[in-house]
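One structure is given below, encoded as structure tokens.
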Amino acid sequence: MLCPSARWLQRILDVCQAYAESHGIIFNCNKTVCMTFKAKSARSTATPVLKLGGQYVNSVDQYKYLGIVSDNELSDDKDIQSICCMQVNLSFFLSELFNMCIVHRYVPNSCLNTTILPICKDKNGNMSDTSNYRPVAVATVMSKLLEHFILSLSSISLFLGTTDNQFGFKAGHSTDQEVIRQNKW
């Protein structure tokens, strides 16, 4: 939780504790930590004393969350290597996943889910007329990544499998160029 002051953070912790007690939830106070971010202009920042469930919350200078190290000075020097490794691992995992989808000719349903939203073309027009709306499909991140992956594979094979005389449906080549080429002959 981010708060502008330690007093506000303690208030939020008190609300969370009251909710937890009323619903039979017990916080693991041994895993709860507090990190105070230092302002660049400040010489030192006092460490707040916070309580959760009657126990003091430990104060730390850096914390690792979801594999990324954050520190109280908001510098990213400590974690550049792990972020680079995470990107390499993620890209390898995604390429393996998408290759398996192509090889087995199966796409999980989670990649196929989209939400269609009607967007109004003319706000001053007839709002009950269906022709005044255009559909916009909001797809999941996984489906967009899969689409980009397939597009990059197909565009490479299309580009390598065509000659320089192919002008339509090829990046950097228009049918106008073919007309100009024909007129030069």
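General observations
- Residues that are open to solvent by 80 Å² or more (accessible area, probe 1.4 Å) and of a type in the set (D, E, K, R), drawn from segment 111-128: K121, K123
- Among the residues making up segment 109-156, a single one is touching a residue at least 12 places away in the same chain (Cβ under 8 Å), among the charged types (D, E, K, R) and assigned to a loop (DSSP other than H, G, I, E, B): K121.
- Residue match in segment 159-177 (condition: of a type in the set (S, T, Y) and at pLDDT 80 or above): no
- Segment 15-37, residues that are open to solvent by less than 80 Å² (accessible area, probe 1.4 Å), over 14 Å from V60 (Cβ atoms) and not in a loop (DSSP other than H, G, I, E, B): C16, Q17, A18, A20
- Every residue from segment 2-18 that is without any contact (Cβ under 8 Å) to a residue 12 or more places away in the chain and farther than 16 Å from G54 by Cβ: L2, C3, P4, S5, R7, W8, R11, I12
The values are calculated or read from the model by the stated rules, or taken from the named source; none is laboratory data. Nothing here was measured: the structure is a model prediction, and the numbers come from that model. Cβ coordinates were reconstructed from backbone atoms using ideal geometry, including for glycine residues, and neighbour counts include every protein chain displayed. Surface accessibility is based on the protein's heavy atoms, side chains included, excluding ligands, DNA and RNA. Shrake-Rupley method; radii C 1.70, N 1.55, O 1.52, S 1.80 Å.
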